[in-house]
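Asks: If you scroll down you'll find the structure; I have some questions about it.
Nothing in this text is a laboratory measurement; each read-out follows from the coordinates by a stated rule. Everything numeric here is computed off the predicted structure, so don't read it as measured data. Ideal geometry is used to build each Cβ from the backbone, glycine not excepted, and the neighbour counts take in all protein chains shown.
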Amino acid sequence: MTCALWAGVSLALGVAALPVAAATLPQSMSQGGLVTAIVPAGSSATVNGKPVRIGDDGMLVFGAGRDEKGPVVVVVTYPDGHRDTSRVAVTPRAWPVERVNGVPPKTVNPPPDIAARIQREQAEVAVARKRDDNREGFVHGFIWPVVGRISGRFGSQRIFNGTPKSPHPGMDIAVPEGTPVKAPADGVVTFAKPDLYLTGGTVLIDHGFGLSSNFLHLSRLDVKVGQVLHQGDVIGAAGMTGRATGPHVHWGFNWFEVRLDPMLLPGIEGTSPH
């Protein structure tokens with residue numbers, strides 16, 4: 001993709017577009033937001049001190065988590081050795097409180113043996129999120145995986161049966177059980193298991209550059225690890241497996257270990273799943 005074409009796509013999708021002549025990053029970004037940019041090919045970069053991938057075409061991505069205070073410090077070193085440092089301010093958000101009742105008690109406060117199982121399963125998922133390759137499955141933006149009512153939002157404080165738990169790491173879309181779930185962008189399946197204790201049927205799709213989608217509580221899995229997907233391919237069916245009180249699709253999105261808001265992704269932002 002040429003830089004001129006990417007700039008047009010970026011502007012249309014509301015993504016920060018950068019000229020190839022300089023690494024001009026946005027002045028600010030939202031908590032839970034993603035920045036996608038083009039810098040001079042052959043450059044190197046760090047984000048908050050961590051080396052990050054730059055594609056052969058100069059592609060650079062990074063995100064800010066729910067509780068990121070900022071600024072996000074981005075250092076780009078050009079092929080000639082010149083270095084630019086940008087400090088991207090992070091705009092805070094107000095996070096709602098969501099009370100979820102009727103959850104099976106053993107999934108809210110699990111006994112030690114179950115807690116150990118949960119820890120093992122979460123560790124497996126964490127390993128899958130470490131993948132970092134040069135595919136750009138995200139470059140054309142994202143589509144909604146299902147059409148339905150948003151029943152849970154990213155970042156909200158979750159209170160299960162009156163017990164405060166971690167903030168919601170994704171968003172929930174309420175749909176009937178069995179509704180086909182589609183890949184929101186191109187990618188490869190890095191995790192697929194039908195029976196995790198908390199998340200039930202779980203699928204991870206890696207989109208490249210450390211960006212990944214995860215889909216939880218699926219009633220059926222139609223993909224396997226290593227399978228290459230195109231945007232719109234069916235990966236499984238909506239359900240209520242694991243810790244769920246009704247049929248829905250949980251869509252989480254990560255930049256490596258940093259959880260981001262799917263509602264802010266290019267192609268999704270400003271649209272409705274209905």
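Asks: Would you mind stating whether A64 is within 29 Å of K165 (Cβ to Cβ) and surrounded by 11 or more Cβ atoms within 10 Å (Cβ to Cβ)?
Replies: So A64 passes the test.
Asks: Only one residue in V249, V228, V189, V181 is touching a residue at least 24 places away in the same chain (Cβ under 8 Å), over 30 Å from G55 (Cα atoms) and of a type in the set (A, V, I, L, M, F, W, C). Which one?
Replies: When all the criteria are applied, what remains is V249.
Asks: Pull up the range 75-115, narrow it to residues that are touching a Lys or Arg at 6+ places or on another chain (Cβ under 9 Å) and among the polar types (S, T, N, Q), then point me to the one that is nearest to L60 (Cα to Cα).
Replies: Of everything passing the filter in the range 75-115, T77 is nearest to L60 (Cα to Cα).
Asks: Name the residues in the range 246-260 that are more than 14 Å from V175 (Cβ to Cβ) and in a loop (DSSP other than H, G, I, E, B), would you?
Replies: Of everything in the range 246-260, those that are more than 14 Å from V175 (Cβ to Cβ) and in a loop (DSSP other than H, G, I, E, B) turn out to be F256, E257.
Asks: Hey, another quick one. Checking S166 against (1) touching a Pro at 6+ places or on another chain (Cβ under 9 Å); (2) under 27 Å from F209 (Cβ atoms); (3) surrounded by fewer than 16 Cβ atoms within 10 Å (Cβ to Cβ), only one condition comes out false. Which one?
Replies: (1)
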